[in-house]
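The values are calculated or read from the model by the stated rules, or taken from the named source; none is laboratory data. Since the model is a prediction, treat every value here as computed from it, not as a measurement. Positions of Cβ are backbone-derived with ideal geometry, glycine not excepted, and every protein chain shown enters the neighbour counts. Protein only, heavy atoms only, side chains kept; ligands, DNA and RNA dropped before computing areas. Shrake-Rupley method; radii C 1.70, N 1.55, O 1.52, S 1.80 Å.
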Amino acid sequence: MHVKSSFGALLFAATCVASPAAAKVIDQSDIGFTVAHTAQVAATPEDVWKMLRTPDKWWSKEHSWSGDAANFWLDSQAGGCFCEKLPDEGQGVGSVQHARIIFAKPGEMMRLSGAFGPLQGEAVTGTLTIQIKKTPTGSAIRFDYVVGGYMRFKVADIAPAVDKVLAEQMVGLANALGGSLPVARGDKPAEEKSDEGADETSKPADTDAEADGAAEPAPADSGLDAAVADLVKDEPKTD
């Protein structure tokens, strides 16, 4: 397979092997879908933001047009480009815009507008919201990718394929930050478990969750880790 065609070919292949039962497709209809992924890492929100700004360190080369992650770059200001250079093969240097930045708040949220991979050739809009929240052990990260519009793919096929691709990027980001922390759904952080049965004077200082009020439980059908399900709740409201 020629490397320049790998992005589209790999995403197409994923439509054949992805299992809807394992996918975090949290919503879909005839005109679009939403996928979401979460991770917790032992890195500060500032370090997560720095890593986001360097996609060449975490976005998979298998989902590029050039086959080399070193060709990615991202200008993290509003209007900036998440782009990729296509090396000169005798006819000049080319480039690809994967997405553009439409919201950037360092250490908290980055929102990009772009139809990734073969979706770029369809009449769809894709919005990827990346949220970061400080936790007692580092940071929680959440991806929400919302796609809608006219496409020649069947939503039931393309949604789990896109979900799989976004999952790979979340894994890549977490690994670049030292790896995901193991947090079971609905589980308590380890430090809370160790203090069960202790008296009030021996408990640690208030956590962020206590300071902000009790976190809302994850919707029953969200498929998201309860520890980071409140990230959407904390998203800035628009007029």
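From Gly149, Gly178, Gly117, which residue is farther than 28 Å from Asp68 by Cα and not aliphatic (A, V, I, L, M)?
Of Gly149, Gly178, Gly117, the one residue that is farther than 28 Å from Asp68 by Cα and not aliphatic (A, V, I, L, M) is Gly149.
Please verify whether Gly79 is touching a strand residue (DSSP E or B) at 6+ places or on another chain (Cβ under 9 Å) and surrounded by fewer than 17 Cβ atoms within 10 Å (Cβ to Cβ), treating the condition exactly as stated. Walk me through how you get there before you give the answer.
Numbers: touching a strand residue (DSSP E or B) at 6+ places or on another chain (Cβ under 9 Å): yes; surrounded by fewer than 17 Cβ atoms within 10 Å (Cβ to Cβ): yes.
It is true that Gly79 is touching a strand residue (DSSP E or B) at 6+ places or on another chain (Cβ under 9 Å) and surrounded by fewer than 17 Cβ atoms within 10 Å (Cβ to Cβ).
In this structure, is Val171 open to solvent by 30 Å² or more (accessible area, probe 1.4 Å), touching a strand residue (DSSP E or B) at 6+ places or on another chain (Cβ under 8 Å), under 27 Å from Gln40 (Cα atoms) and part of a strand (DSSP E or B)?
No.
Can you tell which of Gly138, Gly117 is small (Gly, Ala, Ser) and more than 24 Å from Trp73 (Cα to Cα)?
Working: Gly117 fails: more than 24 Å from Trp73 (Cα to Cα).
Gly138 is the lone residue from the list that is small (Gly, Ala, Ser) and more than 24 Å from Trp73 (Cα to Cα).
Please verify whether Pro55 is in contact with a Phe, Trp or Tyr (Cβ under 8 Å, 6 or more places away or on another chain), within 20 Å of Ala174 (Cα to Cα) and open to solvent by 80 Å² or more (accessible area, probe 1.4 Å), treating the condition exactly as stated.
In short, no.
Would it be correct to say that Tyr145 is at pLDDT 95 or above, surrounded by 14 or more Cβ atoms within 10 Å (Cβ to Cβ) and among the aromatic types (Phe, Trp, Tyr)?
Spelling it out, Tyr145 is indeed at pLDDT 95 or above, surrounded by 14 or more Cβ atoms within 10 Å (Cβ to Cβ) and among the aromatic types (Phe, Trp, Tyr).
With the condition kept exactly as written, say whether any residue in segment 120-142 is part of a helix (DSSP H, G or I) and either surrounded by 20 or more Cβ atoms within 10 Å (Cβ to Cβ) or modelled with pLDDT under 95 (or both). Don't jump to the end; show me each part of the working.
Initially, segment 120-142 is screened for residues part of a helix (DSSP H, G or I), giving 120-121.
Restricting the remaining residues to those that are either surrounded by 20 or more Cβ atoms within 10 Å (Cβ to Cβ) or modelled with pLDDT under 95 (or both) gives 120-121.
Scanning segment 120-142, I find at least one residue that is part of a helix (DSSP H, G or I) and either surrounded by 20 or more Cβ atoms within 10 Å (Cβ to Cβ) or modelled with pLDDT under 95 (or both), so the answer is yes.
State whether the residues of segment 79-97 include one that is among the aliphatic types (A, V, I, L, M), under 24 Å from Val147 (Cα atoms) and within 18 Å of the chain's Cα centre (by Cα).
Checked segment 79-97: no residue is among the aliphatic types (A, V, I, L, M), under 24 Å from Val147 (Cα atoms) and within 18 Å of the chain's Cα centre (by Cα).
Within segment 153-168, identify whether any single residue is under 15 Å from the mean Cα position of the chain (by Cα) and in a strand (DSSP E or B), and answer yes or no.
no
Just name the residue that is most open to solvent (accessible area, probe 1.4 Å) out of those in segment 87-119 that are over 28 Å from Thr44 (Cβ atoms) and in contact with a helix residue (DSSP H, G or I) (Cβ under 6 Å, 6 or more places away or on another chain).
That would be Pro118.
This table checks each residue for (1) at pLDDT 95 or above; (2) hydrophobic (A, V, I, L, M, F, W, C).
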residue	(1), (2)
Val48	yes, yes
Lys57	yes, no
Asp75	no, no
Lys85	no, no
